[in-house]
Amino acid sequence: MLKNLVIYNGQSNRIDQLVGKYGDFLEVLSRETKLLLRITLSTYVLVQREYTSTEYPVSEAVEDALCQLVIPHNVPQDLYDVCSLLEGLTVDEAETILDALQYQLHWGNAPGQTHLNIDEHR
């Protein structure tokens with residue numbers, strides 16, 4: 001049985017919206033955008049868990065992770081769109097998406113790699 005990218009323990013309405021807009025495997029997004037989303041969400045989780053007791057928006061994580069450190073003038077618009085959709089994300093939801101992205105990027109079902117049946121690796 002083939003499962004959606006992020007239907008595991010952390011499934012939520014926000015994740016349902018993400019999957020609804022970008023596909024079961026976020027296949028609408030480029031591999032680059034998925035890698036940058038992984039960096040952004042990792043920054044978001046780190047800051048939310050370790051450094052702040054106040055609300056930290058995903059859009060600020062994009063700025064902190066990418067604009068100041070990695071690619072200040074080349075952040076894909078898709079990444080900003082995804083992060084806008086994810087505003088208000090919980091740390092658990094972010095961790096769920098991170099797990100799914102890691103699995104997808106590693107096993108090659110992200111655009112730009114050889115596509116594999118992910119069920120073969122379970």
Exercise. In the stretch 61-78, is there at least one residue being assigned to a helix (DSSP H, G or I) and at pLDDT 90 or above?
Worked result: yes
Seminar exercise, completed: Flagged pairs (Cβ under 6 angstrom, 6 or more apart or on separate chains; first in the stretch 14-27, at pLDDT 85 or above; second among the β-branched types (Val, Ile, Thr)) are Ile15/Val6; Tyr22/Val28
Exercise. For Leu46, which of the numbered conditions (1) at pLDDT below 85; (2) within 14 Å of Glu95 (Cα to Cα); (3) open to solvent by 70 Å² or more (accessible area, probe 1.4 Å) fails to hold?
Worked result: (1)
Problem set entry | Number of positions in the stretch 28-59 that are touching a residue at least 40 places away in the same chain (Cβ under 8 Å), part of a helix (DSSP H, G or I) and under 15 Å from Ser84 (Cβ atoms) | 6
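The values are calculated or read from the model by the stated rules, or taken from the named source; none is laboratory data. Computed from a predicted model, the values in this text were never measured in an experiment. Neighbour counts run over all protein chains shown; Cβ positions are idealised from the backbone, glycine included. Only protein heavy atoms, including side chains, enter the accessible area calculation; ligands, DNA and RNA are left aside. Shrake-Rupley method; radii C 1.70, N 1.55, O 1.52, S 1.80 Å.
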